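Structure record follows, encoded as structure tokens.
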Amino acid sequence: GFAHAVGTPAGTNITNTATANYTVGVIPATVTSNTVTVKVAEILNVAVTWQNSPSVLVAPSDTNKVLIFRVTNSGNGSEKYLLSVNTAVVGDNFDPVLASVYLDVNADGLYDGGDLLWVSGTNDPVIAANAYATIFVLSNIPGTVVDGNTGDLRLTAASSTGSGAGTVIVNGGDGGAIDAVVGATTATQTVTGTYLVSSVTVSLVKSAVVSGTYGTNPVPGATITYTVTVTVTGTGTAVGVIITDPIPTNTTYTVGTLKLNAGALTDAGGDDVGDV
């Protein structure tokens, strides 16, 4: 028979003993085999995704514009990943100028004062199995770019233990007492993020006001009025702007309350610019 140690942590002992039951004359008897122990090896895999797709809007001479990537350890043991950044990507209009790379050590998903400057070979991210690290890549934008230009940047994450499909690293797994085997991802992956030069910027600010029998207390039965304020800045025109605002869980939409500026819209689709 076959058994698969799918998702089992590296270093786990899998033990198995076979039993045979039989009868001698009329007397039942049982015999067991020796116990076989298999120690689960570490499988090395990685998944890299770009978080602020489809593009990050920039202007000429912008500095420290952030692309956000997520590096996920899809293996079964703790692993250190080596990072590299390539700004000379063929097929775009300009090359971003790499400024710095930060690790999201406070795990809030935001580039802020709680992040750690990454120094290659010094503080490469160590990620537990099935966990991820958020990487902030900051770039400066050349002053010569024009509206509509794109600049691509690629982040590569590779297992520090080894890569290459089917590669086995003897005693390379967690703790050094087990082997490490490179999985289907080859333990390395590259993902592209894109900067888009735009002379127009759209920003949204959302607010909520609670009203009802008990004043502004958000108790069951109260009404929450959400307002999304859209601001367009710059010298260009944003065409085809579509604003989507999901109805929150644990609330029910009040029929007929959709508005654009001060004008009422119907809830149906196709007869005006809004629908529910």
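The values are calculated or read from the model by the stated rules, or taken from the named source; none is laboratory data. Please read these numbers as outputs of a predicted model, since none were measured by experiment. Counting neighbours? That spans all protein chains shown, and the Cβs are built from the backbone with ideal geometry, glycine included. Areas reflect the complete protein model, heavy atoms only, side chains present, ligands, DNA and RNA absent. Shrake-Rupley method; radii C 1.70, N 1.55, O 1.52, S 1.80 Å.
Tabulated results
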read-out: Residues that are surrounded by 18 or more Cβ atoms within 10 Å (Cβ to Cβ) and over 17 Å from Glu79 (Cα atoms), drawn from the range 151-173; value: Gly151, Asp152, Leu153, Arg154, Leu155
read-out: Options Ser163, Ser100; residue that is over 21 Å from the mean Cα position of the chain (by Cα), within 20 Å of Val48 (Cα to Cα) and of a type outside the set (A, V, I, L, M); value: Ser163
read-out: Filter result for Asn45 (of a type outside the set (Ser, Thr, Tyr), surrounded by 11 or more Cβ atoms within 10 Å (Cβ to Cβ), under 25 Å from Thr144 (Cβ atoms) and touching a Gly at 6+ places or on another chain (Cβ under 8 Å)); value: no
read-out: Options Thr252, Thr233: the member that is among the polar types (S, T, N, Q), out of contact with any Leu (no Cβ under 8 Å at 6 or more places or on another chain) and not in a loop (DSSP other than H, G, I, E, B); value: Thr233
read-out: Qualifying residue in the range 226-246 (condition: surrounded by 12 or more Cβ atoms within 10 Å (Cβ to Cβ), acidic (Asp, Glu) and farther than 30 Å from Phe94 by Cβ); value: no
read-out: Within the range 255-265, tally of residues that are exposed (fewer than 11 other Cβ atoms within 10 Å of the Cβ) and in contact (Cβ under 8 Å) with a residue 12 or more places away in the chain; value: 1
read-out: Index of the failed condition, Val200 passing every other in (1) modelled with pLDDT under 95; (2) more than 24 Å from Asn76 (Cα to Cα); (3) open to solvent by 50 Å² or more (accessible area, probe 1.4 Å); value: (3)
read-out: Selection count, the range 17-42, where residues are of a type in the set (Gly, Ala, Ser) and surrounded by 10 or more Cβ atoms within 10 Å (Cβ to Cβ); value: 4
read-out: 1 or more residues surrounded by fewer than 15 Cβ atoms within 10 Å (Cβ to Cβ) and touching a strand residue (DSSP E or B) at 6+ places or on another chain (Cβ under 7 Å): qualifying strands (runs of 3 or more DSSP E) within the range 48-150; value: 79-86, 97-103
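Matching residues to (1) under 30 Å from Ser84 (Cβ atoms); (2) open to solvent by 70 Å² or more (accessible area, probe 1.4 Å); (3) of a type in the set (Asp, Glu):
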residue	(1), (2), (3)
Thr185	yes, no, no
Ser211	no, no, no
Pro220	no, yes, no
Tyr253	no, no, no
Asp267	no, no, yes
